[in-house]
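Report on one structure; see the data block that follows.
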Amino acid sequence: MFTSKRLVRAAENLVVRHFAVGAGESVVITADTATEPALIRAVTDAVVRAGAKPLVAIAPQLPFQGGLSDPYVSDALKAAVVACDVWFDFCFPYHAGSGAQSAAMEAKRCRYALLALAEAESFERLYGCVDFPAMMDFNVALAEYFAEAAGEQVRFTCPLGTDVTLTLDKLKMIRQRVCQGPGMHTVPGTQSFYPVMESVKGRIVIQALFDEYYRHLRQPITIEVDGKIQGFSGGGTEDRPSFGRALRRASGKGDLGYFVHFTLGFHPGTKLTERQFIEDIRIPGSNAIGMGLPWWEPGGGENHPDGIVLDQSLWVGDVQLVKDGDFVGPGRLATLHAAMSRQLD
């Protein structure tokens with residue numbers, strides 16, 4: 001099986017540089033029937049080169065992510081992830097928010113990576129087509145910027161009519177340059193920021209949606225929010241029913257719930273795939289918006305729908321960070337952003 005130089009580099013960046021997998025560690029790699037074998041092989045080989053002990057678990061695609069997937073997850077997998085040091089989860093829908101993942105987190109041993117990627121080329125672009133240390137420097141600095149700005153008003157817009165304001169809350173997850181302690185971790189190239197949920201007001205127009213499955217929308221969906229989500233319009237006839245179901249499930253109360261997170265995507269190696277959600281939300285200028293009940297509250301994350309806004313403009317207080325998708329932030333952030341580069345060799 002041919003393995004490209006970029007795929008080998010991507011696997012090394014994930015296994016060694018991002019997760020510091022060490023000799024003797026137990027590593028579980030979960031994939032589903034849609035995951036490309038070349039991707040699984042590249043990561044497994046990198047784990048072996050690091051001196052660790054991989055276990056690859058392949059199962060049918062889950063029908064839902066999070067807690068709604070619990071009836072479809074085997075007892076054998078639940079036991080394995082509790083007893084591992086690192087869990088690379090390529091399944092999409094993913095295990096984050098499930099009973100198995102919660103048990104692994106409660107055991108305080110596992111470093112869980114929410115990867116949710118099926119295609120080797122997408123994994124190559126995210127981990128192998130970028131100056132990885134430079135991107136991590138920027139990502140960590142951006143996370144620190146949002147952490148220090150807690151309490152500020154944020155506004156973001158997009159060319160299709162998004163215009164929303166919110167009060168910035170504390171960060172729920174701290175971006176780590178190297179993931180060496182137990183807990184949940186995500187693919188770099190984007191930074192989440194969290195609202196005081198009742199403060200979110202305005203209109204958000206999404207062009208892609210992950211509710212019961214992920215797709216680019218043939219017609220955008222406009223969501224009205226005043227604290228809670230008030231309603232939505234637009235979308236295709238095939239989109240509205242599943243989106244409504246997902247919102248009501250995720251709210252836990254039968255209403256449409258809240259917006260629980262927003263993001264700033266900035267990865268220089270990405271392209272819009274319309275297939276790989278995890279890559280698409282890292283497109284420069286994208287904003288992945290999470291809806292429903294927060295994953296950090298009981299019952300949260302069971303079917304956490306996400307939409308994607310493209311070409312956003314974003315302000316934190318009086319400082320503009322993004323203009324029509326381009327990063328225009330100030331000072332040290334600008335210097336670190338300029339140092340990132342796409343690598344194709």
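How many residues, within segment 264-276, are surrounded by fewer than 21 Cβ atoms within 10 Å (Cβ to Cβ) and in contact with a Phe, Trp or Tyr (Cβ under 8 Å, 6 or more places away or on another chain)?
1
Could you check segment 225-256 and list, in sequence order, the residues that are closer than 16 Å to Ile204 by Cα and in a helix (DSSP H, G or I)?
Passing the criteria: Arg240, Phe243, Gly244, Leu247.
Scan segment 128-151 for residues that are farther than 15 Å from Phe266 by Cβ and touching a helix residue (DSSP H, G or I) at 6+ places or on another chain (Cβ under 9 Å) and report the count.
2
Given the options Phe88, Phe64, name the one that is at pLDDT below 95 and aromatic (Phe, Trp, Tyr).
On the way: Phe88 fails: at pLDDT below 95.
The conditions single out Phe64.
Test of understanding: among Val28, Val82, which residue is under 27 Å from Asp131 (Cα atoms), β-branched (Val, Ile, Thr) and in contact with a Cys (Cβ under 8 Å, 6 or more places away or on another chain)? It would help to see each step written out before you state the result.
Details: Val82 fails: under 27 Å from Asp131 (Cα atoms).
Step by step, each of Val28, Val82 is checked, and only Val28 is under 27 Å from Asp131 (Cα atoms), β-branched (Val, Ile, Thr) and in contact with a Cys (Cβ under 8 Å, 6 or more places away or on another chain).
Looking at (1) closer than 30 Å to Ala334 by Cβ; (2) touching a residue at least 24 places away in the same chain (Cβ under 8 Å), which one does Gly151 not meet, given that it meets all the others?
With respect to (1) closer than 30 Å to Ala334 by Cβ; (2) touching a residue at least 24 places away in the same chain (Cβ under 8 Å), Gly151 is out only on (2).
Could you please let me know if Tyr112 is over 17 Å from Phe266 (Cα atoms), in contact (Cβ under 8 Å) with a residue 12 or more places away in the chain and touching a helix residue (DSSP H, G or I) at 6+ places or on another chain (Cβ under 7 Å)? Even if it seems obvious, please write down each step before you answer.
Working: over 17 Å from Phe266 (Cα atoms): yes; in contact (Cβ under 8 Å) with a residue 12 or more places away in the chain: yes; touching a helix residue (DSSP H, G or I) at 6+ places or on another chain (Cβ under 7 Å): yes.
So Tyr112 passes the test.
I'd like the full set of residues that are touching a Ser or Thr at 6+ places or on another chain (Cβ under 8 Å) and either hydroxyl-bearing (Ser, Thr, Tyr) or assigned to a helix (DSSP H, G or I) (or both), limited to segment 257-272. Write out each step before concluding.
At the first step, the residues of segment 257-272 found to be touching a Ser or Thr at 6+ places or on another chain (Cβ under 8 Å) are 257-258, 261-268.
Once the filter is applied, which keeps residues that are touching a Ser or Thr at 6+ places or on another chain (Cβ under 8 Å) and either hydroxyl-bearing (Ser, Thr, Tyr) or assigned to a helix (DSSP H, G or I) (or both), segment 257-272 yields Tyr258, Thr263.
The values are calculated or read from the model by the stated rules, or taken from the named source; none is laboratory data. These numbers were taken from a predicted model, which means no experiment stands behind them. A quick note on method: Cβ atoms are made from the backbone with ideal geometry, for glycine too, and the neighbour counts reach across all protein chains shown.
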